[in-house]
1. From the list 304, 271, which one is out of contact with any helix residue (DSSP H, G or I) (no Cβ under 9 Å at 6 or more places or on another chain) and closer than 24 Å to residue 177 by Cβ?
2. Here are 229, 253: which of them is touching a residue at least 12 places away in the same chain (Cβ under 8 Å), surrounded by 13 or more Cβ atoms within 10 Å (Cβ to Cβ) and out of contact with any Leu (no Cβ under 8 Å at 6 or more places or on another chain)?
3. Of the residues 165, 175, 215, only one is at pLDDT 95 or above, buried (at least 17 other Cβ atoms within 10 Å of the Cβ) and farther than 26 Å from residue 95 by Cβ; which?
4. So residue 313 passes all but one of these: (1) over 24 Å from residue 110 (Cα atoms); (2) assigned to a helix (DSSP H, G or I). Which condition number does it fail?
5. For the range 97-126, give me each residue that is in a helix (DSSP H, G or I), in contact with a Phe, Trp or Tyr (Cβ under 8 Å, 6 or more places away or on another chain) and at pLDDT 95 or above.
6. Filter the range 43-100 down to the residues that are surrounded by 16 or more Cβ atoms within 10 Å (Cβ to Cβ), of a type in the set (A, V, I, L, M, F, W, C) and out of contact with any strand residue (DSSP E or B) (no Cβ under 6 Å at 6 or more places or on another chain) and list them by number.
7. Which residues, counting only those in the range 178-222, are of a type in the set (Ser, Thr, Tyr), closer than 19 Å to residue 297 by Cβ and in a helix (DSSP H, G or I)?
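The values are calculated or read from the model by the stated rules, or taken from the named source; none is laboratory data. Source: prediction; values computed, not measured. Cβ sites come from the backbone with ideal geometry, for glycine too, and all protein chains shown count toward neighbours.
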Amino acid sequence: MRNRRTTRLYHLLVIQAAEIVMADPAVPAIINLKKIKELCMKKDFISIADHSPEVLQGILDLAIELKKERSEKGENKQLLKNKVLGMVFQKPSLRTRVSFDMAMRHLGGDALYLSPNEIGLGQRESIADVARVLAGYVDVVMARVFAHQHVLDLSHWSDVPVINGLSDYDHPCQGMADALTIVEKFGRLKDLHVTFVGDGNNVAVSLLHICSKLGAHFTLAAPEGYDIPEKALKESQEFASKSGASIRTIRDPHEAVKSADVIYTDTWTSMGQEEETERRIKVFPPYQVNNKLVAEASKDVIVMHCLPAHRGQEITDDVADGPHSVLFPQAHNRMHAQKAILVSLFR
């Protein structure tokens, strides 16, 4: 049963959809009331694992429609007019900040950037107090944090939706942008072979979640000690048993990319792991994505990276800028995927 917040959101979106129909009948994904209803079933967007395959597919369909609308008409319908997104940052970011800010502007809303020094989340002020204060000012909160528990605590105490803009465990907005990029290339996610080469980090977790939810075969090629967390692996195996996906973890990156439709990599050392840099640089060189590795995959393979890239380490220039690379369309899709997430969550 829906709570009052979800009911208000559904009613608002129905009204908005009716207004859109009268103004412009050529926006089918936005006015599909069944799809809108599905998108209203959760208060927050903390992890891809929290949402059903139907909801995730609905968000992707909406992202495709919003992107198409922007491309063809030069603008989006003002679905979030007079709405404000509060953006809480513990970590710096180029893509997260700009993509969320521009998503809100395109949809008629506004975004408020809150730097680490302005809030001091959990230090200068308790997370519970921050959440309750922000909920009285803004309509939704996006938090880019170090500890995953921080975004969970924000969600617990907030009366408005909370979006995980990145945590040490998960990066769900990136995962949705990745799925959008893959679908644009291949027309689907189901039955594709997706190989992540490198550290089984938060980006790998979200990619695993979306693959296992929507039926793609996921392979992680990682050195010993750098596998995906057991919790994410176990829950994804449950998702995969329903979607027809498969999951495997192997050590040999060359074996891992055989028949791969997608090769994905990320930095060997993430923010907050700087003290491990020297050790990681010794461990990960065999997992570099270079032309030799790419040549061992499917001839139409695409290469992905969430950026920023340490060129010459996890990926070479000739791959990052080569014919198989979709690094920059992938980065741009952060904005389009997040538009769909925002529309689905705003009350």
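1. Working: 304 fails: out of contact with any helix residue (DSSP H, G or I) (no Cβ under 9 Å at 6 or more places or on another chain).
Selected residue: 271, the only one of 304, 271 that is out of contact with any helix residue (DSSP H, G or I) (no Cβ under 9 Å at 6 or more places or on another chain) and closer than 24 Å to residue 177 by Cβ.
2. Residue meeting the stated conditions: 229.
3. Numbers: 165 fails: farther than 26 Å from residue 95 by Cβ; 175 fails: farther than 26 Å from residue 95 by Cβ.
After applying the criteria, what remains is 215.
4. Result: residue 313 fails condition (2) only.
5. Our first condition is that a residue be in a helix (DSSP H, G or I); within the range 97-126, this holds for 97-106, 116-119.
Those still in the list that are in contact with a Phe, Trp or Tyr (Cβ under 8 Å, 6 or more places away or on another chain) too: 97, 101, 116.
If the condition is that a residue be in a helix (DSSP H, G or I), in contact with a Phe, Trp or Tyr (Cβ under 8 Å, 6 or more places away or on another chain) and at pLDDT 95 or above, then 97, 101 are the ones that fit.
6. Matches in the range 43-100: 48, 49, 55, 56, 59, 60, 62, 63, 64, 66, 79, 80.
7. Filtering the range 178-222 for residues of a type in the set (Ser, Thr, Tyr) gives 181, 195, 206, 212, 219.
Narrowing the set further to residues that are closer than 19 Å to residue 297 by Cβ leaves 181, 195, 219.
The one that is of a type in the set (Ser, Thr, Tyr), closer than 19 Å to residue 297 by Cβ and in a helix (DSSP H, G or I): 181.
To keep it simple, each residue is scored yes or no on (1) in contact with a helix residue (DSSP H, G or I) (Cβ under 8 Å, 6 or more places away or on another chain); (2) among the acidic types (Asp, Glu); (3) at pLDDT 95 or above; (4) within 30 Å of residue 123 (Cβ to Cβ).
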site	(1), (2), (3), (4)
8	no, no, no, no
11	no, no, no, no
28	yes, no, no, no
63	yes, no, yes, no
90	yes, no, no, yes
